Amino acid sequence: MLYDFAIIGAGVTGTAIARELSKYKVSAIVIEKLSDVACETSKANSGIIHAGYDAPSGSWKAKMNVRSNPLYDDICKELYIPFRRLGSLVVALAGQGTDYIEELYQHGVERDIPVEIIKELSQIKKMEPNITDDVEVVLHAPTAGVISPFTLAIALAENANINGVEFVFNAPVQAIENMGKFFIVDTPGKSFQARAIINASGLFADEISRMAGDESFKITPRKGEYILLDKMGDYVRKVLFPVPTKKSKGILVSPTVDGNVFLGPNARDQDSKLDNSTSLHGLDEVIEGGRKLIPRIPLVESITNFAGLRAVSSTNDFIIGESKVTPKLFQAAGIQSPGLSSCLGIAEEVVDAVKASGIELKLKENFNPTREKPIVFAELPWSERDALAQWNKQFGHIICRCETVTEGEIVQAIRRPVGARTVDGVKFRTRVGMGRCQGGFCTPRVIKILARELGVEEDEIVKREPSTKYFFGETKEFRQPRAASVNGSEVARP
Amino acid sequence: MMQKETDVAVIGGGPAGLAAAIEANKGGCSVTIIERDDGLGGILQQCIHPGFGLHEFKEELAGPEYAQRYIDMLGETKVDVMLGTMVLDMTPKKEILAINEQGVVKVQAKAIVLAMGCRERTRGAIKIPGYRPTGVYTAGTAQRFVNIEGFMPGTRYVILGSGDIGMIMARRLTWEGAKVEAVVEIMSYPSGLIRNKVQCLDDFGIPLYLSHTVVRVHGKDRVTGITIARVDENWKMVPGTEIFFSCDTLLLSVGLIPENEVSRKAGIRLARTNGPEVNQFLQTNVEGVFACGNVLQVHDLVDNVAIEAKRAGAMAAMYATGIRLPSINSPDAVPLVAGRGIGYVLPIKVNTGVDLALASRIGPVNVSLRVKRPVDDVYVRVKNGAKEVYKKFFKHLRPSEMVIFELSAAALNAIDKAQPIEAYLEPKPAKELSEAKVA
Ligand SMILES: Cc1cc2nc3c(=O)[nH]c(=O)nc-3n(C[C@H](O)[C@H](O)[C@H](O)COP(=O)(O)OP(=O)(O)OC[C@H]3O[C@@H](n4cnc5c(N)ncnc54)[C@H](O)[C@@H]3O)c2cc1C
Ligand SMILES: Cc1cc2nc3c(=O)[nH]c(=O)nc-3n(C[C@H](O)[C@H](O)[C@H](O)COP(=O)(O)OP(=O)(O)OC[C@H]3O[C@@H](n4cnc5c(N)ncnc54)[C@H](O)[C@@H]3O)c2cc1C
């Protein structure tokens, strides 16, 4: 089949574009290298919807961030995505001066973003009781928020799928042939034909662009490492930024939308686009940075550490629009921070570029802007929990004790549009295994449910990609009886 | 919503819950066990190795066999068991909210015994850098895979932590034909029982690297190797001491933490052990709520779990039948503190001036403690101001072996409540030692 659009990459950028395009009468497919949506940079970042005062004036980053920030309220309501506008503080410590804070304040005023400068220590402490006593002045931006980046991508993908966009996973694009009127996009299993290509492939956007004939930019990875702490009530209340360095916004301390607290990220340039490992010195750097803002941050509450890679383009800005070299190749490349905060605007901008290129887009009459509300047992009052379990006993069966996730929610995550096919897929849709025991208790149980729902053997279930298997065969005791039951004869156990 | 009333509710049906329930029932109470699993026995169901019940039954039973003895005893009582029922909330008024496949269950109890056991510490809790591939499991999860599900989580292993579960798994996996390359321990001594080091590592030629830790996990999708390195006294890695092992699995046996979500919800104060603060009646700061087993302190021997749990069960029954037990919040409760060389000591407080009739009915009080690090030739002493409460000599003491001793009701009644009680270690004077040798 010849698609109107092939979208390469299913991070927040690709899924936001897919959803925007699904408002129109088009055929589109999202082609993703990994096993699910949001498996690369979109799952390992700070999850902050920035207010928009930060990026240099006139840049795509600033324009897209400012345009997108107000869009999150509606879309998060429509698609049931948890989002909280906690507000942020940029924290200047004694001796760091006020220049930077004032510059950001100016940006805020110029860009019509609510900002205020606060110097009164007691007022700052009231907002953020555990902040360092070294604080001299802060910039408060109430419209900054926190979101779950993978829930955003999952919800966008589901909604795009409901409205007709197809998704294919475990399909790395290896070559693109330009046939003039259309492109042929090759993956190991299958080739896809499309009239236009949208490049939303994150760290690999330069390679995809080159495959399509445009070598005008390069992407280099910049790693950021994190430490995630357990839920801690309101120990940290707002997104706390230090005065940044040239390379990054600096090491922050912030709540996540689910109530955990994280420290990070640091910033290190590297050659490998695949290396998302954490390092001892990196984690030490993160701790040191975090303590500058919250000196007594309880690291014993640490539950995991991880790293993400920023896709830094050679222009040091987002690259958005139709390629000047290859017509009908649309770029959404170099989407480094604040890419998450900008993806809704980027999607609109890409669709505008499509229209401007002469492709005619007609709005659908029957676009469905919402998705089925996911049931989240942990958030329900007792009376509803009771009714739910009586309606379907799977909702009375707790699988994840840390996050209180039921079997019913897991089954729901598997059966939804663009549903979970892997243990991580279930995890990112339901929070199973994200708590303090990090899957120790629930992983064997989730594997069982996945196998049952997908109609495969338990040892075929993977964490993410096909190379992330859990098991290496069966134990001695199980080998014989299970084999025996196949040919029907009785074999005594050793 | 199902509603139910019971004299004593026991949360958790592992060995602690079972023993407590039977005892509370003997005390003339209606008892309900609430267990989230589909069967009773708790962690013992996956411990198929022998080594349980040596003291209690004078036999080396496997975990499930030991559990079965208690399940059989329970069968002869009228204790009500709710399986597949997870407790999610509990109030100081002793109302329990749980869920199972029939819906929400509300249990109103007169007394509650907490017996929820513990959970394993994870990779995140100990900051191991590297990739996040499959092939990193806690030892208990691996134990469940192997012993219950029948799957092998890997073929070549490195095990971090020389806790008992890790060492037992090293032997289990070797029996299954897997190769255990190394057991790695950050301390300068093994953290599990010596008998497990001998029977599970030494007998199989599995090397134990003391004062080493994992400094990197290799492999983006599946573990491909583990780098370990020596650490100094401050647990900082010593550069240049790295050793690489090619393997596909890393098991973590780095400690257990009491399962205390539900306790927190009821406003129960937690101690340094991460378990509830209790007095000698095993009563928490919420009156009528008692704790025992691994939810109170991590035990190495199930026999000790049973002793502690029986006491909790008996106390809960007394409370439920209207006998008020002195409160840990009372000014008569004297702190029992961990002094020199002691990691922790329980109970956290000892109530003095207990009514004599009650005291004699309750009998002597158990004190349990663990030392901070291995020591030889020491006295364990307990003092109340200048007064000696307890003194005993030990040839060897290790953190892995809990020390348990009794304090008589008389000794407790003589306590001066103006002074704290302190447990500490005192090295035996060299003179006494050399004299002992000569003799
Ligand atoms: C440490 C860090 C912190 C950040 N914090 C924030 C923040 O707080 N706020 C904010 O707004 N932004 C933040 N960002 C930026 C934000 O995370 C990114 O801008 C955003 O996730 C980029 O999304 P994407 O969809 O463009 O890229 P990705 O999520 O990387 O998606 C690209 C997808 O393309 C796929 N792909 C690649 N090659 C191929 C191929 N050959 N064939 C098929 N598919 C392919 C990949 O597998 C991937 O799934 C942060 C980034 C990092 C690294
Ligand atoms: C791997 C391992 C090996 C061991 N080896 C030995 C040995 O060789 N010899 C020996 O003597 N001892 C051994 N022990 C020690 C001893 O067996 C344990 O300490 C003992 O099992 C603890 O009993 P428990 O009842 O406190 O906890 P558990 O056995 O963990 O039972 C707790 C129960 O509570 C339930 N529960 C928890 N939360 C809830 C909730 N919210 N609602 C409902 N139910 C809940 C759990 O499902 C579980 O069934 C070993 C322990 C382990 C972990």
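Just so you know, all these numbers are worked out from the coordinates, no wet-lab data involved. None of these values were measured; they are calculated from a predicted model. We place every Cβ from the backbone using ideal geometry, glycine too, and count neighbours over all the protein chains shown.
Listing for the model above:
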quantity	calculated
Three-way shape call for chain B based on the alpha-carbon gyration tensor, with the a/c threshold at 1.5	oblate
Label-point separation, B:VAL238 to A:ALA356 (7 Å along Cα→Cβ), nm	6.4
Cα shape, chain A, gyration tensor, a/c 1.5 rule	oblate
Directionally averaged shadow of the range B:206-254, computed from the convex hull of its alpha-carbon atoms, nm²	3.9
Zone of A:TRP391's modelled label, taken as backbone nitrogen in the range A:416-447 under 18 Å from a point 7 Å along Cα→Cβ	A:416-417
Nonlocal amide H pairs with B:VAL286, under 5 Å, H built at 1.01 Å	B:ARG269
Dipole axis of the range B:122-254 (+1 Lys, Arg; -1 Asp, Glu on Cβ), positive-most option in B:GLY240, B:ILE206, B:PHE151	B:PHE151
Residues B:ASP72 and B:ASP355, FRET efficiency given R0 of 35 Å [Cβ-Cβ distance, rounded to 0.05]	0.40
Using θ = phi - 60° and Karplus 6.51 cos²θ - 1.76 cosθ + 1.60, couplings along the range B:373-379 (whole Hz; Gly, Pro as x)	8, x, 9, 10, 6, 10, 9
Selection from B:ALA359, B:ALA410, B:GLY339 lying farthest towards where the dipole of the range B:330-439 points positive, charges on Cβ	B:GLY339
Neighbourhood charge, 15 Å Cβ-Cβ cut-off, centred on B:ALA98 and excluding it, Lys, Arg +1 and Asp, Glu -1	-3
For B:ILE33, residues with placed amide H under 5 Å, excluding near neighbours	B:VAL10, B:ASP80, B:VAL81, B:MET82
Farthest toward positive dipole pole in the range A:1-145 [+1 Lys/Arg, -1 Asp/Glu at C-beta], among A:ALA38, A:ALA6, A:ILE117	A:ALA6
Net length gained if the chain between A:SER191 and A:LEU280 were fully extended (0.36 nm per residue, minus Cα distance)	27.8 nm
Within the range A:377-475: Cβ-based charge dipole about Cα centre, in debye rounded to nearest 20 (Lys, Arg +1; Asp, Glu -1)	200
The range A:10-124: mean projected area of Cα convex hull, nm²	10.1
Rel. contact order, % - alpha carbon contacts under 8 angstrom, at least six apart, chain B	15
Alpha-carbon centroid distance for the pair the range B:285-357 / the range B:71-117, whole angstrom	21
Volume per residue that the Cα convex hull of the range B:330-439 spans, once the total is divided by residue count, Å³	110
Cysteines (scope chain A) whose Cβ has no counterpart Cys Cβ under 4.7 Å	A:CYS39, A:CYS76, A:CYS343, A:CYS402, A:CYS437
Sequence of B:LEU397, A:LEU156, B:LEU252, B:LEU356 once ranked by neighbouring C-beta atoms within 10 Å, starting from the fewest	B:LEU356, B:LEU397, B:LEU252, A:LEU156
Test item: Cα-centred dipole of the range B:330-439, Lys/Arg +1 and Asp/Glu -1 on Cβ, debye	300
Sum of side-chain charges, A:GLY358 neighbourhood, beta-carbon under 11 Å (Lys, Arg +1; Asp, Glu -1)	0
Unit Cα scatterers, Debye sum, the range A:222-295: log10 I(q)/I(0) for q = 0.21 Å⁻¹	-0.90
3J(HN,Hα) from dihedral phi, the range A:109-121, Karplus parametrisation 6.51/-1.76/1.60, rounded to Hz, x for glycine, proline	5, 4, 9, 6, 9, x, 9, 8, 9, 10, 10, 6, 4
Point-to-point label distance, A:ARG84-A:LEU454, nm (Cα→Cβ direction, 7 Å offset)	3.3
GluC sites (Glu not before Pro) restricted to DSSP loop in the range B:231-271 with at most 14 other C-beta within 10 Å	B:GLU233, B:GLU242
Candidate lysines for bridging to B:LYS179, where Cα separation is under 16 Å - those fewer than 8 sequence places away on the same chain excluded	A:LYS476
Convex hull volume per residue for the range B:6-64, taking Cα atoms only, in Å³	71
Paired Rg and Dmax values of the range B:310-382, which use every Cα atom, in angstrom	15.0, 46
Environment charge at B:VAL180 (Cβ cut-off 10 Å; Lys +1, Arg +1, Asp -1, Glu -1)	+3
Within straight-line cross-link reach of B:LYS110, lysines at Cα separation under 20 Å, skipping those fewer than 8 residues along the same chain	B:LYS4, B:LYS26, B:LYS78, B:LYS93, B:LYS94, B:LYS265, B:LYS310
DSSP beta bridges in the protein assembly as shown [antiparallel fraction, %, rounded to 5]	65
For the range B:122-254: rounded, prolate or oblate by the Cα gyration tensor [a/c cutoff 1.5]	oblate
Reachable aspartates and glutamates from A:LYS63, criterion Cα separation under 19 angstrom, eight or more residues apart if same chain	A:GLU20, A:ASP54, A:ASP73, A:GLU103, A:GLU110, A:ASP112, A:ASP317, A:GLU322, A:GLU348, A:GLU349, A:ASP352
Residues A:SER314, A:SER68 arranged by fewest to most Cβ contacts within 10 Å	A:SER314, A:SER68
Rh (Kirkwood; distinct C-alpha pairs) - the range A:377-475, Å	13.8
Placed amide H near A:VAL253: partners under 5 Å, 5+ positions off or other chain	A:LEU240
Value at 222 nm in deg cm²/dmol, rounded to 500, when DSSP H runs of n ≥ 4 in the protein assembly as shown each add -39,500 (n - 2.57)	-7500 deg cm²/dmol
Highest-MSF residue in chain B out of B:THR174, B:THR141, B:THR241 [GNM, Cα springs under 10 Å]	B:THR241
Cα-based Rg of the range A:277-362 normalised by 2.2 N^0.38 Å, two decimals	1.65
For the protein assembly as shown, size of Cβ-based charge dipole, Lys and Arg +1, Asp and Glu -1, in debye	580
Listed residues B:ILE168, B:ILE194, B:ILE159, most fluctuating in chain B (Gaussian network, C-alpha, under 10 Å)	B:ILE194
DSSP-defined beta bridges in the range B:122-254 - what % are antiparallel, rounded to 5	40
Cα-based Rg / Dmax (Å) for the range A:108-189	23.9, 66
Rounded to 5, the percent of DSSP beta bridges in chain B classed as antiparallel	60
Under Karplus coefficients 6.51, -1.76 and 1.60, residue-wise ³J(HN,Hα) of the range B:28-42 in Hz, glycine/proline x	x, 10, 6, 10, 10, 9, 10, 10, 7, 6, 7, x, 8, x, x
